[in-house]
Amino acid sequence: MKDDRGIFTLDSDTVASNPARVRVMPFVLMRYMPKSVLLLIPLLASLVFTFEVSLLWGFLPSAFFFVINYFYWRRKSEHFAYGDSNGGIVVSENPKLIAVTTDLSKGFAGGSYPVVKIIPYKGKGKLNDRIGTVALYEGTSSCTPHWSDFFPVPVEYVNNNKAELNAVLRSYSEESWEVLESRIKQISQPYKEGLFKLSAEDSSW
C-alpha cells in the first residue's frame, strides 16, 4: 500500500511499500520549489506589519499565513519521510526528463497495474543516471482496485547530503532497476511527459 494525497497531511490509513525516510532541508527545497518561498513572503510581510505598525491589525493575517506555512512544511516533511520511494532514470537531456515505474495496485483486490511516469527534471543528473524519488498516490474512489496516478519527486529536490542520497539508492534492488529499464523500452520515443499504462505485461489494465 502507498500514501494517498490529503489536503494538509498524508492519509494515515495507507503505508508505503518502501518509505523514503528522507530528511527535508528547507533551503534545498526552496531552491527547487519556488512555491515555498512565495508562501513565506506574505508571512514575513504580515509579521513586519504586526511588530512595526499594529499588533491588533497584524495578528490575524500573521496567524493565517503561519498556519498555511506550517501545514505546507508538515506535508513536505511527511511526503519525504513516509512517501513511496522508487528509483528513476534520466531518459532525456533536452528536455531533461526522468522515468519512474510503479504498480498502482492497492493490493486488497489483487491484480497488477504497472505504469511508467515521465516527469520533467531540474536536477544535476545526466542521461542514464539513476536517481531516487519519493511519490504520493492519488485515487478517485476508495473501492477501486488501483490508484489513478502517482507523483514522484526527486529526492535531491529536498536534500543534498550525498550519504543520505546514496542511502536512498541502496534501498532499491537491482531487480527493480531491471524492471524499470525493461518498462522504459516499452515507451515510444521521443519521450514525453505523462503517465503510461503498460498493458503488454501480465497486467490487469
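Under 5 Å between amide hydrogens, which residues at least 5 positions from VAL22 or on another chain qualify, with H placed 1.01 Å from N in the peptide plane?
The list, which skips near neighbours in sequence, is ALA81.
Apply 1/(1 + (r/R0)^6) to the Cβ-Cβ distance of PHE49 and VAL28, taking R0 = 25 Å, and write down the FRET efficiency to the nearest 0.05. Don't skip to the answer; put the middle values down first.
Working: r = 29 Å, r/R0 = 1.18.
E(calc), rounded to 0.05, equals 0.30.
What residue among PHE150, PHE49, PHE66 shows peak mean-square fluctuation when the chain is described by a Gaussian network model with Cα springs under 10 Å?
PHE49
Given the -39500 (n - 2.57) contribution per DSSP H run of 4+ residues, what per-residue ellipticity at 222 nm results for the chain, rounded to the nearest 500 deg cm²/dmol? Walk me through the intermediate numbers first.
Details: 5 runs with 74 residues, N = 205.
The helix-only estimate for the chain comes to -12000 deg cm²/dmol at 222 nm.
Tell me, what does the Kirkwood hydrodynamic radius of segment 54-142 come to in angstroms if you use every pair of distinct C-alpha atoms? Can you show the working numbers first?
Values: mean 1/r = 0.0615 Å⁻¹.
Its Kirkwood hydrodynamic radius stands at 16.3 Å.
Among all the lysines, which ones have a C-alpha under 16 Å from LYS162's C-alpha, if same-chain residues fewer than 8 places away are not counted?
Within the straight-line limit of under 16 Å, LYS162 reaches these lysines: LYS124.
Suppose each label sits 7 Å from its Cα in the direction of the beta carbon; what would the LEU56-GLU174 distance come out to in nanometres?
About 7.3 nm, to one decimal.
What number, in percent, do you get for the relative contact order of the chain if the mean sequence gap of Cα pairs under 8 Å and at least 6 apart is divided by its residue count?
Numbers: 365 pairs, mean separation 49.8, N = 205.
Result for the chain is 24 percent.
Strictly over 31 Å apart at the Cα level, which of LYS106/LYS185; LYS76/LYS117; LYS35/LYS185 would you flag in this model? Write down the numbers at each step before the final one.
Working: LYS106/LYS185 25 Å; LYS76/LYS117 21 Å; LYS35/LYS185 34 Å.
Result: LYS35/LYS185 exceed 31 Å.
Apply the Karplus curve 6.51 cos²θ - 1.76 cosθ + 1.60, θ = phi - 60°, to the phi angles in segment 128-133 and return the couplings in whole Hz, x for Gly and Pro.
Along segment 128-133, the couplings run 6, 5, 9, 9, x, 9 Hz.
How far, in nm, would the chain grow between LYS185 and TRP205 when pulled straight, counting 0.36 nm per residue and subtracting the alpha carbon separation? Don't skip to the end; give the middle numbers.
Working: separation 20, 0.36 × 20 = 7.20 nm, distance 1.85 nm.
Extra length from LYS185 to TRP205 when fully extended: 5.4 nm.
Below 8 Å, C-alpha to C-alpha, sequence gap of six or more: please give me the relative contact order for segment 84-197 in percent. Write out the running numbers ahead of the final one.
On the way: 202 pairs, mean separation 35.5, N = 114.
In percent, rounded to a whole number, it is 31.
Please report, in debye to the nearest 20, how large the charge dipole of segment 92-205 is about its Cα centre when each Lys and Arg carries +1 at its beta carbon and each Asp and Glu carries -1 there. Write out the running numbers ahead of the final one.
Details: 13 positive and 14 negative charges, 73 e Å.
Dipole of segment 92-205, to the nearest 20 debye: 340 debye.
What are the residues whose amide H is under 5 Å from the amide H of HIS146, where those residues sit 5 or more places off or on another chain and H is modelled from the backbone?
LYS106
Spelling out what I want: for every residue of segment 26-38, take phi, set θ = phi - 60°, compute 6.51 cos²θ - 1.76 cosθ + 1.60 (Karplus), and round to whole Hz; glycine and proline get x.
So the J values, rounded to whole Hz, are x, 6, 5, 4, 5, 5, 9, 10, x, 4, 4, 6, 4.
Starting from the amide H of VAL153, placed 1.01 Å from N in the peptide plane, find each other amide H under 5 Å away whose residue is 5 or more places distant or on another chain.
VAL134, ALA135
Roughly speaking, what % of Cα-Cα pairs in segment 26-80 are separated by over 17 Å, rounded to a whole number?
Numbers: 603 of 1485 pairs.
Of the Cα pairs, 41 percent sit more than 17 Å apart.
Gaussian network model of the chain, Cα springs within a sub-10 Å range: biggest mean-square fluctuation belongs to which of SER92, SER148, SER62?
SER62
Using the basic label-point model (7 angstrom from Cα toward the beta carbon), what is the LYS35 to LYS192 distance in nanometres?
2.5
Each reported figure results from applying straightforward, stated rules to the coordinates on display, with no laboratory input. Everything numeric in this text was worked out from a predicted model, so none of it was measured. Here the Cβ is made from the backbone with ideal geometry for all residues, glycine too, and neighbour counts use every protein chain on show.
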